[in-house]
1. Nearest 0.05, what FRET efficiency do Asn108 and Val22 give at R0 = 41 Å with Cβ-Cβ as r?
2. ³J(HN,Hα) across the stretch 107-117 via Karplus (A = 6.51, B = -1.76, C = 1.60, θ = phi - 60°), whole Hz, x for Gly/Pro?
3. Do you know the Lys pair count in the stretch 79-179 for C-alpha distances under 27 Å, with sequence separation 8 or more or different chains?
4. Would you kindly state how much longer the chain becomes between Ser68 and Lys115 on full extension, computed as 0.36 nm times their sequence separation minus their alpha carbon distance, in nm to one decimal?
5. By its C-alpha gyration tensor, with a ≥ b ≥ c as the square roots of the eigenvalues, how is the stretch 63-179 shaped: rounded for a/c under 1.5, else prolate for a/b larger than b/c, else oblate?
6. So what is the relative contact order of the stretch 76-179, in percent, for Cα pairs below 8 Å that sit 6 or more residues apart?
7. If packing is taken as the average number of other Cβ atoms within 10 Å across a peptide's residues, how do 143-152, 104-113, 70-79, 91-100 rank, most packed first?
Amino acid sequence: MKFFKRYRIITFLSALMLAAAVWGGYKVVSYLKNHEIMGTQSSEKTGDADSSKKVVNKPVDKSLIVFSNAPDKDSHEFIGSMHEFYNDTLCYGKLETADYTEQKDKANEILEDLKGITIKDENLAKDMEEIRTNAKKVANSDNRGAMKRLHRLFHDLDIYFNGYSYHEVFGITAFRGTE
């Protein structure tokens with residue numbers, strides 16, 4: 001009889017812990033999806049109408065960054081596409097298992113794109129220099145910290161530069177990073 005009583009208590013506690021773990025996992029995934037950490041897109045980015053969100057950031061002038069080697073290159077698209085790349089390859093816990101060759105190729109692409117650019121904002125220039133520094137680290141070695149830093153820089157710049165309603169940022173950019 002004592003055995004069955006213990007068995008019921010252990011079963012009850014196990015079921016309770018399982019329910020708590022499922023509920024906690026659901027809350028974490030919901031939080032990450034709502035905060036674009038897992039690569040979801042805001043309604044403004046996807047074009048869905050959501051009048052409940054107020055605009056937090058206004059898009060900045062595209063002329064703040066001019067690509068000398070590609071004058072028709074769109075600075076908004078550059079920042080947005082880099083952020084999307086890092087969302088796709090590093091989110092959902094993919095940082096430690098990300099394909100280094102793919103990350104190295106993207107770092108070299110960033111370095112090529114940043115050759116000869118003209119930046120008309122001092123703080124944005126600091127951020128681009130930090131991006132260049134971290135891209136060099138990734139191009140030269142399998143540096144997961146630099147990959148993570150690149151993702152966070154492009155995340156914040158994408159929100160500030162492209163003017164998304166979304167306002168959760170890492171606060172690591174010099175360009176509006178302390179607002």
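Only the coordinates and a few stated rules stand behind these numbers; no lab work does. None of these values were measured; they are calculated from a predicted model. Ideal geometry is used to build each Cβ from the backbone, glycine not excepted, and the neighbour counts take in all protein chains shown.
1. Details: r = 43 Å, r/R0 = 1.04.
Given R0 = 41 Å and the Cβ-Cβ separation, E is 0.45.
2. After applying 6.51 cos²θ - 1.76 cosθ + 1.60, I find 4, 5, 4, 4, 4, 5, 5, 7, 5, x, 6 Hz.
3. 28
4. Numbers: separation 47, 0.36 × 47 = 16.92 nm, distance 0.77 nm.
The span from Ser68 to Lys115 would gain 16.1 nm if fully extended.
5. Numbers: a/c = 1.69, a/b = 1.20, b/c = 1.41.
Oblate is the answer for the stretch 63-179, as a/c is 1.5 or above yet b/c matches or exceeds a/b.
6. 33 percent
7. Values: 143-152: 19.1, 104-113: 16.8, 70-79: 14.7, 91-100: 12.3.
Per-residue mean Cβ counts within 10 Å order the peptides as 143-152, 104-113, 70-79, 91-100.
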